[in-house]
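What follows is a single structure, written as structure tokens, with notes after it.
The values are calculated or read from the model by the stated rules, or taken from the named source; none is laboratory data. Since we're looking at a predicted model, the values are computed, not measured. Ideal geometry is used to build each Cβ from the backbone, glycine not excepted, and the neighbour counts take in all protein chains shown. Keep in mind that these areas ignore ligands, DNA and RNA; they rest on the heavy atoms of the full protein, side chains included. Shrake-Rupley method; radii C 1.70, N 1.55, O 1.52, S 1.80 Å.
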Amino acid sequence: MTIDEIIDFVEGLGGGLAFRPEPGDGSPEISWGDVFFYYAPDGVVPEATQPFATIVTKNYPGDESSRLDRPDTFRVNVAAGKKEFIDRTGHAPREQAVDADPGVTDAVIAHPVHGPAAWLAVVNPGRRTDEAVRGLLRAAHQRARARHERRTGPGR
């Protein structure tokens, strides 16, 4: 899977918005080149909502263990929810567990920093994880859509 394939997939889910920070848009320089996915049927990045998934293309301070400084390396991160997290990792999000090397490619693992919040990650998703990544993104999009509808539904 390429970054563009992932973006196209999420944007094809209906209401999925891929925000790509760049110079001049007010976003921090470190985020330039990364991608943040929101449920935003109006096409505007929500102000008070966290993304349901991200793609990072570089190491961030305190988040270097995936070794994203390798050539052509990126990581997809998805807010998976507790049940899916447990199903994929075999442990609860806040439990300390020995997971795979955070730099391993094409494997679904607990996010090396945000795992306790039930985020999963895949470095350079490929043949083994293509279907899993699409399923995780679809489910995260559906949860984000449901939250949006609860917040903006009738009488809100």
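Could you tell me whether residue 80 is closer than 22 Å to residue 136 by Cα and open to solvent by less than 40 Å² (accessible area, probe 1.4 Å)? Answer is yes for this residue. Residue selection: residue 11 fails the criterion of being over 14 Å from the mean Cα position of the chain (by Cα), open to solvent by 80 Å² or more (accessible area, probe 1.4 Å) and free of Cβ contacts under 8 Å to residues at least 40 places away in the same chain. Against the condition open to solvent by 20 Å² or more (accessible area, probe 1.4 Å), charged (D, E, K, R) and under 25 Å from residue 17 (Cβ atoms), how does residue 67 come out, does it pass? Judged against the criteria, residue 67 is not a match.
The number of residues in segment 131-156 that are open to solvent by 50 Å² or more (accessible area, probe 1.4 Å) and touching a residue at least 60 places away in the same chain (Cβ under 8 Å) comes to 6.
Whether any residue in segment 15-34 is closer than 26 Å to residue 149 by Cβ and in contact (Cβ under 8 Å) with a residue 60 or more places away in the chain is what I want to check.
Here is the first cut: in segment 15-34, the ones closer than 26 Å to residue 149 by Cβ are 15-20.
Checking which are in contact (Cβ under 8 Å) with a residue 60 or more places away in the chain leaves us with 15-16.
For segment 15-34, residues closer than 26 Å to residue 149 by Cβ and in contact (Cβ under 8 Å) with a residue 60 or more places away in the chain: present.
Of everything listed in (1) in a loop (DSSP other than H, G, I, E, B); (2) open to solvent by 60 Å² or more (accessible area, probe 1.4 Å), the single unmet condition for residue 116 is (1).
Could you please let me know if residue 93 is in contact with a Leu (Cβ under 9 Å, 6 or more places away or on another chain) and within 19 Å of residue 137 (Cα to Cα)?
Numbers: in contact with a Leu (Cβ under 9 Å, 6 or more places away or on another chain): no; within 19 Å of residue 137 (Cα to Cα): yes.
Here the answer is no, as residue 93 does not meet what is asked.
I'd like the full set of residues that are hydroxyl-bearing (Ser, Thr, Tyr) and at pLDDT 95 or above, limited to segment 98-156. Of everything in segment 98-156, those that are hydroxyl-bearing (Ser, Thr, Tyr) and at pLDDT 95 or above turn out to be 105, 129. Of the residues examined, residue 126 is one that is open to solvent by less than 30 Å² (accessible area, probe 1.4 Å) and more than 14 Å from the chain's Cα centre (by Cα).
Identify, please: which residue in segment 35-48 is touching a residue at least 60 places away in the same chain (Cβ under 8 Å) and within 14 Å of the chain's Cα centre (by Cα) and is, among those, farthest from residue 74 (Cα to Cα)? The extreme case among them is 39.
Among the listed residues 27, 31, identify the single one that is open to solvent by less than 70 Å² (accessible area, probe 1.4 Å), modelled with pLDDT under 95 and not acidic (Asp, Glu). Show your work before the answer.
On the way: 31 fails: modelled with pLDDT under 95.
Of 27, 31, the one residue that is open to solvent by less than 70 Å² (accessible area, probe 1.4 Å), modelled with pLDDT under 95 and not acidic (Asp, Glu) is 27.
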